[in-house]
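Accompanying notes for the structure given below.
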Amino acid sequence: MDELIEILEEILPCEDVVNCTTLIDDHILSSFDILSLVSDIEDSFDVDISPAELIPENFNSANALWNMICRLREEC
Amino acid sequence: MEYHLLTYSFLFLPIILILYKLTPSKFRWCLLLVVDIAFYLMISKALIVFFIFAVVITYCTGLMIDRLGSSNKYTGKMLKKHKRIILFIGIILNLSMLIVFKYFKLIGISFIAPIGISYYTLQTISYMTDICRRTISCEQNIGKLALYLSYFPQVIEGPISRYSNMKNELFAGKDLSYTNITSGYQRILWGLFKKMVIADHLAPAVYKIFLHPENYDGTVIAIGAIMFTTQLYAEFSGCMDIIIGSSETLSITLPENFRQPFFAKNASDFWHRWHITLGTWLKDYIFYPISLAKPLKKLSKKAKTIVGINISKMIVPTIALFFVWLTNGIWHGAGLTYLFYGMYYFVLIFIETICEPHIEKFCQKHSIYESNLLISSFRALKLFVIVNIGEMFFRAKSITSGFNMFKKIIFDFHLSSLKDANWGIDKYDMIICFFAIILLFIVDFIHEKNIKLRDVISNYKLPIRWAIWYALIFSIILTGAYGAGYTVIDMIYAAY
């Protein structure tokens, strides 16, 4: 989880990425940020994020992202 | 039979509704399938063969991907690879028909294309891809898949629906309801009003100006471009009202294709409100797959070490955006004007993506808010100009003709020429159009405020309610462009 927070902080340096639960709903993460985030997550956690995973429920908070990563790891 | 013909709404659709009501619930999807085939045969005749090919290819591809997933032959990355190969073959086979019918004219070979090929091909691709992505399960009944792809209200010009959103209502055989029938017909009426009172009245003037723009000065051409944009909006959104409304009478919900596009704040927002289902299709099946492709990810990583995160994160989406707009342009047709149209929006949205964050920061720093009347008016005017220029090139005979028209607007603009211009429509039609466009603007404004006008009207007392709907009916009968002296104007987007 700490590694994920670091990635998020690098992309969104001015946001409270630990507690925020509306990263998509409040347009904090742009589509460009999402793609950058996907690339970093894939490298760091050795998972493959398909376009089908790019839904708000998976990207709204650090927790949602972490849940997606755990699920994708299990599926690997 | 096209949707805007009165025989569709007031003869064909009522017969379907009666048959639907009389058919037992579990066979209703079979009735819809028979109607779809009859409807398709009526409009495309022998070309239905190509539609059947598309259904069989899509069905087999879906089934093969599904079976591969449930067998133990492959696992992990090998399974993914084999699924992708089957998907690729399915897409190529479906696309090849679209390419032959739509783009072979570039090498001098022309065919009459099956109606709706551009729309149902996109639906076949989304269906097969979603099975491969495991977001939907494969349809085991080929008849049901054929119904989804050929559903009669949407087969000619969309909206481009998704199997996951359609399957429940399409196959459930839900009972008809009085509320849905009346609400659906109210929407059909509004669609007919937009098509027959606005779009079809403007059509002769637009045709005349764009056929020989060299005969007109910049003022008339500018008004001609605005007329075409209005015609296109009234026509396409009007047909969508008829389509979505007729599906609503059967208690089947189709996705919305328009959401007050001229109230958008910029070009990007405009495309979230105009031809919405094409935009979301392009996002899900072009933008994301390209953005997440391995070579582009590698490129992004390399760029990150060289130019830093802020610039590197722009590279991949910009490349994907280029392909989105290239596809958008090409999808509309084989002409260079369509390609130009796509590239025009690519450049504009690219510029917006770079500039908007800086503009927002500037506005925040100087306490300039979006609600500021001056700012919102400037934004609306900017968007209006952008959209009209784009549509002018879209409708122009060629890119050269488009540029000549643009040049005339800039350098040959004389308001005095309006007095003597021959518009090809009489003053009476112009006045009708003017007031109808004002009404369209008011209705869009109300919808933009999140007020559901049909719900509001349905809460009025019966005499007021009926007075409103009768006024709409009589305005179509009395002022609609039909009958002697008018030619039936085909649906513009049915040709794409």
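The values are calculated or read from the model by the stated rules, or taken from the named source; none is laboratory data. Predicted model only: the values in this text are computed from it and were never measured. Cβ coordinates were reconstructed from backbone atoms using ideal geometry, including for glycine residues, and neighbour counts include every protein chain displayed. For the accessible areas, the whole protein counts, side chains as well, though only heavy atoms, and no ligand, DNA or RNA atoms are used. Shrake-Rupley method; radii C 1.70, N 1.55, O 1.52, S 1.80 Å.
In the range B:296-333, burial by the other protein chains removes 20 Å² or more of accessible area from B:LYS297, B:LYS301, B:LYS304, B:ILE309, B:LYS313, B:PRO317, compared with the chain on its own (1.4 Å probe, ligands and nucleic acids ignored). Note on the range B:184-309: with neighbouring protein chains present and a 1.4 Å probe, carbon and sulfur make up 65 percent of its accessible heavy-atom surface.
Computed over chain B, the percent of Cα pairs more than 33 Å apart is 45. Given the C-alpha centroids of the range B:436-457 and the range B:268-324, what is the distance between them in whole angstrom? Between the Cα centres of the range B:436-457 and the range B:268-324 lies a distance of 35 Å.
Each Lys and Arg adds +1 at its Cβ and each Asp and Glu adds -1 at its Cβ; summed about the Cα centre, chain B shows a dipole of about 2240 debye.
Look at where the Cα atoms of the range B:36-88 and of the range B:112-176 average out, and the two centres are 12 Å apart. Projecting label points 7 angstrom from Cα along Cα→Cβ for B:LYS105 and B:ASP455 puts them 4.3 nm apart. Placing unit charges on the Cβ atoms only, positive for Lys and Arg and negative for Asp and Glu, gives the protein assembly as shown a dipole magnitude near 1340 debye about its Cα centre.
Mean Kyte-Doolittle hydropathy of -0.5 or higher plus an axial Cα length of 27 Å or more: which whole DSSP H helices in chain B meet both? Span-like helices, by this rule, are B:48-70, B:76-103, B:218-249, B:309-332, B:336-365, B:373-395, B:427-448.
In the range B:105-139, the residues that give up 10 Å² or more of accessible area when the other protein chains are added, compared with the chain on its own (1.4 Å probe), are B:ARG133, B:ARG134, B:THR135. The range B:206-248 and the range A:49-64 have Cα centres lying 40 Å from one another. For B:LYS73, the lysines whose Cα comes closer than 21 Å to its Cα, not counting residues fewer than 8 places off in the same chain, are B:LYS81, B:LYS83. Overall, the range B:1-143 carries a charge dipole of about 660 debye about its Cα centre when +1 sits on the Cβ of Lys and Arg and -1 on the Cβ of Asp and Glu, all other atoms neutral. In this structure, the amide hydrogen of B:GLN260, modeled 1.01 Å from its nitrogen in the peptide plane, lies closer than 5 angstrom to no residue at least 5 positions away or on a different chain. Gain on full extension, evaluated as 0.36 nm per residue between B:ALA38 and B:ILE319 minus their Cα-Cα distance, stands at 96.8 nm. Counting only protein heavy atoms and a probe of 1.4 Å, the accessible surface of chain A is 46% carbon and sulfur.
Subtracting the Cα-Cα distance of B:MET430 and B:LEU5 from their residue separation scaled by 0.36 nm leaves 150.7 nm.
Computed with a 1.4 angstrom probe on protein heavy atoms, the A-B interface buries about 1700 square angstrom of accessible area in total. Cα gyration tensor of the range B:6-175, axes a ≥ b ≥ c as square roots of the eigenvalues: rounded (a/c below 1.5), prolate (a/b > b/c) or oblate? Cα axes put the range B:6-175 in the oblate bin. Classify the protein assembly as shown: rounded, prolate or oblate, from the alpha-carbon gyration tensor (a ≥ b ≥ c, eigenvalue square roots; a/c under 1.5 rounded; otherwise prolate if a/b is larger than b/c)? It comes out oblate by the Cα gyration axes. Ordered by solvent-accessible area of protein heavy atoms (1.4 Å probe), largest first, the residues A:GLU74, B:GLU235 come out as A:GLU74, B:GLU235.
Accessible surface ranking for A:HIS27, B:HIS332, B:HIS414, 1.4 angstrom probe, highest first: A:HIS27, B:HIS414, B:HIS332.
The gain in end-to-end length when the B:ASN141 to B:LYS302 segment is fully stretched comes to 53.2 nm, 0.36 nm per residue minus the alpha carbon separation. Treating r as the C-beta distance of A:ARG71 and B:LYS265 and R0 as 45 Å, the FRET efficiency rounds to 0.80. In this structure the protein assembly as shown gives 49 Å² per residue of accessible area when probed at 1.4 Å with all protein chains present. When B:GLU256, B:GLU356 are compared by accessible area at a 1.4 angstrom probe, the order from most to least is B:GLU256, B:GLU356. Which FRET efficiency, nearest 0.05, do B:PHE441 and B:ILE354 yield, Cβ-Cβ r, R0 41 Å? Efficiency at R0 = 41 Å is approximately 0.80.
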